[in-house]
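> The structure under discussion is supplied below as structure tokens; questions concerning it will follow.
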Amino acid sequence: MTVLSVRNLNIDLPSGDGHVHAARDVSFDVEAEELFGIAGESGSGKSVLSQAIMGLLPGAIISGEILFEGRNLLDLPPREMQRLRGNRIAMISQDPLSGLHPFYTVGAQITEAIRTHRKVSEAEALQEAVDILGRVGIHDPDKRVHDYPHQFSGGMRQRVMIAMAIVLRPALLIADEPTTALDVTVQAQIISLLNQMRRELGTAIIMVTHDLELLSSIADHAMVMYAGNRMELGPGEAVLTAPAHPYTLGLLRSSPNHESRGALPSIPGQPPSLLIEQKACAFAPRCAAAMDICHKERPPLRNFADGTRSLCWLEDKASNTAAALPAIPEEPPAVAQSSDIVVKVSDVRLTYGGRSLFGKSINLDVLKGVSLELPRGKTLGIVGESGCGKSTLARIIAGLLPPTSGDVTIEGQSVLGLERHDWVEMRKRVQMVFQDPFGSLNPRRRVGSIIGDPFRIQKVAHGAARKNKVRELMEIVGLNPEHYNRFPSEFSGGQRQRIGIARALALNPSIIIFDEPVSALDVSIQAQILNLIARLQRELGLSYLFISHDLAVVRHVSSEILVMKAGQVVERGETEALYHHPQHPYTRELLAAADPHYRKSGGGLADPQSSGATP
Amino acid sequence: MIRFIASRIGFAALVLVMLSGFVFTLFFVAPGDPARIVAGERATEAQVAQVRENLGLDRPIIEQYFSFVGRSLSGDLGYSYRNQQPVLELIKNRMPATISLCVGAVVLWLLMGIPIGIMSARRPGSLVDRLGQGFVLIGVSFPSFVLGMAALYFLYFVPRQAGFTLFPPGGFRPFLPNPGLWAWHLMLPWFTLALTSAAIYARLTRGQLLEVLGEDYIRTARAKGLSERKVVYKHGVRSIFSPLTTQLGADIAALLGGALVTEQVFGLQGIGSLAVQSVQTQDRPVIIGVVMLAGFFIVIANLIVDFLYILLDPRIRT
């Protein structure tokens, strides 16, 4: 039975700069009990689509049809729509930290949902809330129902969100990036919970995500969106194994999950602006297989035997078309072996002490004795979930934070207790690239002066000489030197991360510490940045510390990996050895959670206990 | 939790002790000889010395301070240099007018500002919002003495010339036995004191609520199928109480300054006018008494704000 049928949906969002064409001619059907996946990068229109179904897009100009249980939602009066929301169509938002109201208990929030749609007493509603919390894996639900959201961990909060969404047994559940804000081991638990719930309750689930691999491995049908267009739609397995559209193929190829080492086949360029009306194929400017006609006319819909449909001028599936394969950059030459240790961290500990508000003295051990060595010209990956202390370690190595005990030496010199002058000198050798390309650049300063800052501070170059050096750097990291005078807001996320890298490179450092450099970027952009990072290492002989929660990324770039948990190193080893023969149970858990096929089977680690209680 | 409350109260007491020491020292080092002022212009040196001794001003400052603190604790704030009335009694006589003015003004500005802010935030850019923004602009642009004068002119003087009394020009009537008369006399002072703050609260409410309405949990509330009314009031407005409380704590502290001007304009015999008179006449016991009283109320107001915080935000509570 078809629960939801979207027909030729167009969504325009009025904005100050004109209409944003967020969706163009999108159609799909969702059957009962089905898990329907929508994948796409940021700005592809996938979240707008889900909000349009919920009727939560005031002011949007929507045409087409959204048929839900036979009724067109677009024609429903607001009151009717309100009656459906939460009752027949429910939603789970991306971030369980902000998705629950901080001032009401979870019980109050769940009973509110129940009592909005059903005439039951407060006591009955509370009993239902307790039952549903138990079903989604909250221990002691009768006690915890009276707790506030901040007393739950991230994974637990997402369970509460799911409980609230399914308590009225909706026919359709829209999960908008339900696991993106969660740690990888918790992600697996949430996915398997959703899977279990749809089978038990017969709820159809639309799952919106940027993680195509995850999606295709669990979804019955997957839809790939790009710039508001439905590029490809088909059975999940088919989309993953034999993508029909060059964009899907490019996405899959550019995510570092594959066995491929070395440079990633990235998709060049950036997604188009949605303000401009598209007349041809939206992907044509970035497509390796683009033909003349692709730039001139809207592509036709191709139907393939396995049920896949693709919006493309190619007559065959992209995976069968040689031209569609993104060019793989040449393999890097082997890096010269060296036993020279550039960074040595010995038994670094960090304890935050102090008095709490209530006068109790509290000690928080952030790092409990971490040691590591980084050989010259190599990359050491540091993996761990949020709160394991990996970013703190990075700050200590960079000398930005003094450890409680232990020592850090860079090229033989301790970074601790440096005089002002030596500290400035040290900055020439160690640089950092930060996670958030939006937050780590001053929005009121021009790119040229941001990149040129190190020269100014270190008094290395002045005036025209500095300007030339900055232009050189921009060229090295693949930015147009003409954009010297622009502000960070005029650049995309990937370009901003290039700016961050250029700034780090300015003083010819020997060591760069990358703290989650690609986790805020889309897959196709992430591949570009990873390739850049690898190229710079080859060409400049840099040594990297690469910190990430994403095992696939760390595996791709690192020669050696350190696994951290709760402030300690639980395992370290050569990348391939660690991946194929993990010794520590936590490493195995991380690996299993990052493997989509493992997730599909529901996994053996869906024990909610392991995600912990209150953080 | 109990320790937290106890520590806040202890801190409040410490603030008052420090304030008393500071004020006392300030007047000791200030120029001017109170003994001479009290004795009068034609007094002889011997008379001045006699007065000095009577007032205890010849003793060391530390001794004076401790005897002051000791007496204050038993409710004796000393006697006015001017007319030898007990300071406590002077203040007591002036309290009803000031408290009526301040409490009424706070209630009025909250009742005006918050609803205007909410209406603006619910439909940003609409006519209602633009009217609200206009109110904010007018409110913050007029100093209270101008407002007071304008109110007197348009609401007392003009109707008076037309032959009837819309509002009285000022003066204070006690709450009992006739609350109606009390409120009627205070209406203009209340509006004068409240309008600027009402505008500020409208702006604050609008800004905070707009931010909150963009939060994920508001979308969750909508996704539950709640009515827009419930979404805005139960989920949205609930979240802005904390910042409003913070602002209110700071504003109550600053309220006495505004009350002073308003009392002058409307001829209310309150604490504000008492403070002005005592400063003009260098009446130190009265000044110290008024400052301590103001300090006491500010500390209490902030204590209440702290406790409100705990009540409002479960994240602090648990």
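> It is to be established whether one or more residues within the range B:120-128 are part of a helix (DSSP H, G or I), in the same structural domain as B:ILE271 (by TED's automatic domain parsing) and either among the small types (Gly, Ala, Ser) or on the phi > 0 side of the Ramachandran plot (or both).
For the range B:120-128, residues part of a helix (DSSP H, G or I), in the same structural domain as B:ILE271 (by TED's automatic domain parsing) and either among the small types (Gly, Ala, Ser) or on the phi > 0 side of the Ramachandran plot (or both): present.
> Since A:VAL186 meets every condition but one in (1) among the hydrophobic types (A, V, I, L, M, F, W, C); (2) under 29 Å from A:THR248 (Cβ atoms); (3) crowded, with 24+ Cβ neighbours inside 10 Å; (4) in contact with a strand residue (DSSP E or B) (Cβ under 7 Å, 6 or more places away or on another chain), which condition does it not meet?
Exception for A:VAL186: condition (4).
> Quick one: count up the residues across the range B:226-270 that are within 11 Å of another protein chain (Cβ to nearest Cβ) and modelled with pLDDT under 85.
So the count comes out to 0.
> Determine which member of the set A:GLN196, A:GLN189 is among the polar types (S, T, N, Q) and either in contact with a helix residue (DSSP H, G or I) (Cβ under 8 Å, 6 or more places away or on another chain) or at positive phi (or both).
Every option except A:GLN189 fails the conditions.
> Condition (residue is within 31 Å of the chain's Cα centre (by Cα), at pLDDT below 90 and in a loop (DSSP other than H, G, I, E, B)) applied to the range A:156-170: is it met by at least one residue?
No: zero hits.
> Here's a follow-up. When you scan the range A:438-454, do you find a residue that is surrounded by 14 or more Cβ atoms within 10 Å (Cβ to Cβ) and closer than 14 Å to A:ILE511 by Cβ, even just one?
Scanning the range A:438-454, I find no residue that is surrounded by 14 or more Cβ atoms within 10 Å (Cβ to Cβ) and closer than 14 Å to A:ILE511 by Cβ, so the answer is no.
> Picking from A:GLY99, A:GLY137, A:GLY155, which residue would you name as being touching a helix residue (DSSP H, G or I) at 6+ places or on another chain (Cβ under 9 Å) and on the phi > 0 side of the Ramachandran plot?
On the way: A:GLY99 fails: on the phi > 0 side of the Ramachandran plot; A:GLY155 fails: on the phi > 0 side of the Ramachandran plot.
That would be A:GLY137, the only listed residue that is touching a helix residue (DSSP H, G or I) at 6+ places or on another chain (Cβ under 9 Å) and on the phi > 0 side of the Ramachandran plot.
> OK, next. Considering each of A:ALA32, A:ALA39, A:ALA60 in turn, give the residue that is away from every other protein chain (no Cβ under 14 Å), closer than 19 Å to B:LEU213 by Cβ and not charged (D, E, K, R).
A:ALA60
> Something else about it: Need the failing condition index for A:PRO403 against (1) free of Cβ contacts under 8 Å to residues at least 60 places away in the same chain; (2) out of contact with any strand residue (DSSP E or B) (no Cβ under 8 Å at 6 or more places or on another chain), just the number.
Among (1) free of Cβ contacts under 8 Å to residues at least 60 places away in the same chain; (2) out of contact with any strand residue (DSSP E or B) (no Cβ under 8 Å at 6 or more places or on another chain), A:PRO403 violates only (2).
> Take A:GLU589 and tell me if it is of a type in the set (D, E, K, R), at pLDDT 85 or above and surrounded by fewer than 22 Cβ atoms within 10 Å (Cβ to Cβ). Before the answer, list the steps.
Numbers: of a type in the set (D, E, K, R): yes; at pLDDT 85 or above: no; surrounded by fewer than 22 Cβ atoms within 10 Å (Cβ to Cβ): yes.
It is false that A:GLU589 is of a type in the set (D, E, K, R), at pLDDT 85 or above and surrounded by fewer than 22 Cβ atoms within 10 Å (Cβ to Cβ).
> Within the bounds of the range A:103-122, is there any residue that is in contact (Cβ under 8 Å) with a residue 12 or more places away in the chain, away from chain B (no Cβ under 11 Å), farther than 26 Å from B:VAL212 by Cβ and buried (at least 16 other Cβ atoms within 10 Å of the Cβ)?
No, because not a single residue in the range A:103-122 is in contact (Cβ under 8 Å) with a residue 12 or more places away in the chain, away from chain B (no Cβ under 11 Å), farther than 26 Å from B:VAL212 by Cβ and buried (at least 16 other Cβ atoms within 10 Å of the Cβ).
> Out of everything in the range A:63-82 that is at negative phi, more than 13 Å from every other protein chain (Cβ to nearest Cβ) and not in a strand (DSSP E or B), what residue ends up being surrounded by the fewest Cβ atoms within 10 Å (Cβ to Cβ)? Show your work before the answer.
Of the residues in the range A:63-82, the ones at negative phi are A:63, A:65-68, A:71-82.
Checking the rest, the ones that are also more than 13 Å from every other protein chain (Cβ to nearest Cβ) come to A:63, A:65-68, A:71-75, A:77.
Checking the rest, the ones that are also not in a strand (DSSP E or B) come to A:73-75, A:77.
Details: A:LEU73: 21, A:LEU74: 16, A:ASP75: 10, A:PRO77: 8.
Top of the filtered list is A:PRO77.
> Looking only at the range B:287-318, which residues are within 11 Å of another protein chain (Cβ to nearest Cβ) and of a type in the set (S, T, N, Q)?
Across the range B:287-318, the qualifying residue is only B:THR318.
> Determine whether the range A:83-105 contains at least one residue that is in the same structural domain as A:ILE53 (by TED's automatic domain parsing) and assigned to a helix (DSSP H, G or I).
Yes.
For every residue, the table says whether it meets (1) within 25 Å of A:SER558 (Cβ to Cβ); (2) exposed (fewer than 15 other Cβ atoms within 10 Å of the Cβ).
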position	(1), (2)
A:VAL383	yes, no
A:CYS388	yes, no
A:ALA398	yes, no
A:VAL408	yes, no
A:GLY412	yes, yes
A:ARG420	no, yes
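> To continue, here is another question. Would you kindly identify the helices (runs of 4 or more DSSP H) lying entirely within the range A:469-586 that contain at least 3 residues that are outside the structural domain of A:THR351 (by TED's automatic domain parsing)?
Where helices (runs of 4 or more DSSP H) fall fully within the range A:469-586 and carry at least 3 residues being outside the structural domain of A:THR351 (by TED's automatic domain parsing), they are A:493-505, A:523-540.
> Inspect the range B:104-113 for any residue being of a type outside the set (Phe, Trp, Tyr), surrounded by fewer than 17 Cβ atoms within 10 Å (Cβ to Cβ), outside any loop (DSSP other than H, G, I, E, B) and not assigned by TED's automatic domain parsing to the domain that holds B:ILE287 and give the result as yes or no.
no
> Looking only at the range A:122-148, filter to residues that are touching a Pro at 6+ places or on another chain (Cβ under 6 Å) and of a type outside the set (Gly, Ala, Ser); which one of those is nearest to A:ILE190 (Cα to Cα)?
Out of the qualifying residues, it is A:LEU133.
> Consider A:GLY37 against the criteria (1) in contact with a Leu (Cβ under 7 Å, 6 or more places away or on another chain); (2) more than 30 Å from A:LEU251 (Cβ to Cβ); (3) touching a residue at least 40 places away in the same chain (Cβ under 8 Å); (4) in the same structural domain as A:ALA219 (by TED's automatic domain parsing): it satisfies all of them except one. Which criterion is unmet?
(2)
The values are calculated or read from the model by the stated rules, or taken from the named source; none is laboratory data. Note that the structure is a prediction, hence the values are computed from the model and not measured. Using ideal geometry, Cβ is built from the backbone for each residue, glycine included, and neighbour counts are taken over all protein chains shown.
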